[in-house]
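Visitor: Got a structure for you, written out below as structure tokens; questions coming shortly.
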Amino acid sequence: MTFLSEQYRLIVTIVVLLLFPVILKFSRRLLEKVTQGKIDPHRQLRAELLLKMITAMVLVCMLLVFWGIELRGLLVLGSSLFAMLGVALFAAWSLLSNLTSFLLMFIQNYCRVGNWVRIVDGANHVEGCIIEMGLMNVVLKSVDGNRVIYPNNLFVTRPVLVLNQEPSKPKTPTIKRVLGPKK
């Protein structure tokens, strides 16, 4: 009995490490129920990776508190993470804003790979079929066959029209060249 009372921190740490795969399996099942197969497998894998990271961070924080790390240190860490999240959400050109925008796109799930979209930016627009939704950008294939790489933070903040069908190719005006004076 004295062994258990002396080594309780180590025993609790081992129990938490053994529970980690069980918690991951439960969270993966919960994610599958929430999405109900509405997302492509690539985004599903990324979401599962994000769940693993969040679960691991929460368990590590709990173990640190259990091992006697002061809460003041965790509060400093938490406030630093909160400030970083604020930068990620509001600094339009930061890399973190692209990652945060990916999470927002994953949650809202309106635009999927294979959808034709028109991104309106003032008087201009970009049209294309979504062929990839990455952590940093969305790759569109235009009607002309060109690839357009659009940052996630702009994709989230600009109006996006999901088109029912492939848009028609824009007609290029024919330019008549006349040499000499006009008659």
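The values are calculated or read from the model by the stated rules, or taken from the named source; none is laboratory data. What you see is a predicted model, and the numbers here were worked out from it, not measured in a lab. Here the Cβ positions follow ideal geometry from the backbone for every residue, glycine too, while neighbour counts run over all protein chains shown. The accessibility values were calculated without ligands, DNA or RNA, using every heavy atom of the protein model including side chains. Shrake-Rupley method; radii C 1.70, N 1.55, O 1.52, S 1.80 Å.
Visitor: Given the options 113, 138, name the one that is touching a residue at least 40 places away in the same chain (Cβ under 8 Å) and under 20 Å from residue 39 (Cβ atoms).
Guide: 113
Visitor: Would you be able to say whether some residue in the stretch 33-53 is touching a His at 6+ places or on another chain (Cβ under 6 Å) and modelled with pLDDT of 75 or more?
Guide: no
Visitor: Suppose we filter 82, 106 for residues that are at pLDDT below 80 and open to solvent by 80 Å² or more (accessible area, probe 1.4 Å); which single one remains?
Guide: 82
Visitor: Any residue at all in the stretch 167-180 that's on the phi < 0 side of the Ramachandran plot, surrounded by 13 or more Cβ atoms within 10 Å (Cβ to Cβ) and at pLDDT 85 or above?
Guide: So far as the stretch 167-180 goes, no, none of its residues is on the phi < 0 side of the Ramachandran plot, surrounded by 13 or more Cβ atoms within 10 Å (Cβ to Cβ) and at pLDDT 85 or above.
Visitor: What number of residues within the stretch 45-70 satisfy the criterion of being closer than 22 Å to residue 15 by Cβ and assigned to a helix (DSSP H, G or I)?
Guide: The number of residues fulfilling the criteria is 16.
Visitor: Need the failing condition index for residue 15 against (1) within 14 Å of the chain's Cα centre (by Cα); (2) modelled with pLDDT of 75 or more, just the number.
Guide: (1) is the only condition that residue 15 fails.
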